[in-house]
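Encoded as structure tokens, the structure appears first; notes follow it.
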Amino acid sequence: MITRDVRYDDAPILQQHMRDTPQGTDGIEFSFVNEPDFFARAHAYESSRTLVAEEAGQLAGSASFAVRELLVAGQLRRVAYEFQYFTAPMFRRAGVARKLRARIDEELLAASADLSSAIILRENEASIGLFSQFGFRQRASLVVNFMIVEHTDMRLDNGVSPARRGELDEIAELINETWAGHDFYAAMTAASLRQALERIPTVGLDRLFVKREQGRIVACAAIWDWTYVQKVLVHHIAPEAASVFPTLRPNTVVQQWGVTMVGYRSSRALRSLLLHISNLACHCRIDHVALPFETDSELAEATSKIASAQIQGDLYLRPLTDLPAHGQRPIYLDIIDF
């Protein structure tokens, strides 16, 4: 078995393998499929690579990683994020994921990365076992909060509108203030915010919303449209899970948005902005609006009065240098990484 960088002509086969690789959590069985563009998921990062494993000319699996400059324990470090591991059904239990994980280790050494990370759903025992074998340890518990849009209009709040280009300095400053003191965050400037809006598929200035009070921006958030980046195919849902996720139906594609570029001066201001986004989602026939946060984060307060369902996960880390990886600082999470 060999590993190599992905090629564009691999995409249709890899998309089919993703359809045929269901995952499960809390009574829901689903597949993530990068459609319509297999590479859109990776384009969210300034620098990323996707690898494939190949056996006798057949694609056996794939995995991706990106290396970013992020704050850890108050210092900028080169932090890798590993994502999108999957194995073709006919190659399961053949060591495909281990082969890809080992290849990524080699690439991270060559890239002088200080630390590698992965986000794993709580019930994904296979992935937990794989990453634990390579020395990854749990760093933090997290929640992906899915605000449920049941196609009933929510109240529009005053003071919310798309951001203007001339406000990017103020927005970047608000986001930086919100996440100051958090690990796995990199400070933004107006220029880097503009570049992110242009680079990340489906996120643009017209999808970056702000709430103003007395001429001051008090909350901001952007919409990341999963429906054009990654399809979520529901294969099965148990009755108990259906009561928690009333919008899910078997053999359907979930229509989802994610919330990114979040900044706020109070949980009240952010809740008002999230209600506005939920109202927009209703008009666009979206089922869920997802926002991740660390367990016990004050973001839980901002979403507490909005109908929601939650999936639990954990952040796993592996130090690659002498970098201290286990601290007490809260962590920054972005839906782009899910």
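The values are calculated or read from the model by the stated rules, or taken from the named source; none is laboratory data. Just so you know, these numbers come straight off a predicted model, no measurement behind them. Glycine gets a Cβ as well: all are built from the backbone with ideal geometry, and neighbour counts include every protein chain shown. Just the protein is used for accessible areas: all its heavy atoms, side chains included, with ligands, DNA and RNA removed. Shrake-Rupley method; radii C 1.70, N 1.55, O 1.52, S 1.80 Å.
Applying the criteria of a DSSP loop state and at most 14 other Cβ atoms within 10 Å to the GluC sites (Glu not before Pro) of the stretch 43-112 yields Glu46.
Sparse packing (at most 16 other Cβ atoms within 10 Å of the Cβ) combined with a DSSP loop state is found for the following trypsin sites (Lys or Arg not before Pro) in the stretch 62-115: Arg92, Arg93.
A crude spin-label estimate for the pair Glu123 and Arg194, with each label 7 Å from Cα along the Cβ direction, gives 4.6 nm. The C-alpha atoms of the chain define a longest principal axis, and helix 267-283 lies at about 70 degrees to it. Within a straight-line Cα-Cα reach of under 26 Å, Lys305 can be paired with the following lysines, leaving aside sequence neighbours fewer than 8 residues apart in one chain: Lys211.
Full extension of the segment from Leu205 to Thr321, taken as 0.36 nm per residue of separation minus the current Cα-Cα distance, would add 37.9 nm.
What size of dipole, in debye to the nearest 20, comes out for the stretch 1-156 about its Cα centre when the only charges are +1 on Lys and Arg C-beta atoms and -1 on Asp and Glu C-beta atoms? Value, rounded to 20: 500 debye.
Mind checking the per residue accessible area of the stretch 201-338 for me, 1.4 Å probe, whole number of Å²?
Numbers: 5560 Å² over 138 residues.
Here the residues of the stretch 201-338 average 40 Å² of exposed surface.
What a 1.4 Å probe finds exposed on the chain is 50% carbon and sulfur by accessible area, rounded to a whole percent.
Quick one: net charge around Gly24, please, counting Lys, Arg +1 and Asp, Glu -1 for every other residue with C-beta under 13 Å from its C-beta. Walk me through the numbers on the way to the answer.
Numbers: positive: Arg122; negative: Asp26, Glu29, Glu123, Glu125.
Result for the neighbourhood of Gly24: -3.
Computed over protein heavy atoms with a 1.4 Å probe, the accessible surface of the stretch 1-99 works out to 45 Å² per residue. Rounded to whole numbers, the Karplus 3J(HN,Hα) couplings from phi for the stretch 87-102 are 10, 4, x, 6, 10, 5, 6, 10, x, 5, 5, 5, 5, 5, 4, 5 Hz, using 6.51 cos²θ - 1.76 cosθ + 1.60 with θ = phi - 60°, and x at Gly and Pro. Bridgeable lysines around Lys99 (alpha carbons under 27 Å apart, same-chain partners fewer than 8 residues away excluded): Lys231. Scalar couplings 3J(HN,Hα) for the stretch 124-140, obtained by applying the Karplus form with A = 6.51, B = -1.76, C = 1.60 to θ = phi - 60°, are 8, 5, 5, 5, 4, x, 4, 5, 5, 4, 9, x, 6, 10, 5, 9, 7 Hz; x denotes Gly and Pro. From the residues Ala44, Ile28, Leu100, which one has its Cα farthest along the dipole of the stretch 28-101 in the positive direction, the dipole being from +1 and -1 charges on Cβ of Lys/Arg and Asp/Glu about the Cα centre? After comparing all options, I get Leu100.
Simple rule: put +1 on each Lys or Arg Cβ and -1 on each Asp or Glu Cβ in the stretch 187-338, find the dipole, and look at Gly258, Ile336, Gln195; the Cα lying farthest toward the positive end is Gln195.
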